[in-house]
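Step one of this worksheet: look at the structure below.
The values are calculated or read from the model by the stated rules, or taken from the named source; none is laboratory data. Keep in mind the model is a prediction, meaning the values are calculated, not measured. Note that each Cβ is placed from the backbone with ideal geometry, even for glycine, and that neighbours are counted across all protein chains shown.
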Amino acid sequence: MANRLFRQSLKFSNNSESAMQLRIEPWGDVVLLDPRAAVDIMVTSDRDGALEFVYGPEPAILAWSGATVDVMQDGRVILSYPIPSP
């Protein structure tokens, strides 16, 4: 029997008039989003889980343990984490 894959996606938009940062955790990287820009976060894992969004002055997304993540903008991958998160 093949392993089941769990997938989740999230669109994050900067609807403000100024640039902002989005942290990608647990890797600690930052995506700089220009005003009115958006990214798509694509998460895949062989373990069940849920992508967590942390709202505040420093917004972040937190992938669950065992997940891999691709961050896409305008249809192209701008960051990729092919090694599962701890």
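Numbers for the structure displayed
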| item | result |
| --- | --- |
| Residue that is nearest to the chain's Cα centre (by Cα) [pool: residues in the range 59-86 that are in a loop (DSSP other than H, G, I, E, B) and surrounded by 12 or more Cβ atoms within 10 Å (Cβ to Cβ)] | ALA63 |
| Of all residues making up the range 44-58, the number that are under 16 Å from LEU22 (Cα atoms) and outside any loop (DSSP other than H, G, I, E, B) | 3 |
| Selection count where residues are surrounded by 14 or more Cβ atoms within 10 Å (Cβ to Cβ) and of a type in the set (A, V, I, L, M, F, W, C), scope the range 31-58 | 9 |
| Odd one out for LEU32 among (1) in a strand (DSSP E or B); (2) over 14 Å from SER13 (Cα atoms); (3) more than 11 Å from the chain's Cα centre (by Cα) | (2) |
| Unique match (being modelled with pLDDT under 95, of a type in the set (Gly, Ala, Ser) and on the phi < 0 side of the Ramachandran plot) among ALA50, ALA38, ALA60 | ALA50 |
| Residues that are surrounded by fewer than 13 Cβ atoms within 10 Å (Cβ to Cβ) and either assigned to a loop (DSSP other than H, G, I, E, B) or touching a residue at least 40 places away in the same chain (Cβ under 8 Å) (or both), drawn from the range 13-25 | ASN15, SER16, GLU17, SER18, ALA19 |
| Qualifying position, being free of Cβ contacts under 8 Å to residues at least 60 places away in the same chain and in contact with an Asp or Glu (Cβ under 6 Å, 6 or more places away or on another chain), among ALA60, ALA37, ALA50 | ALA60 |
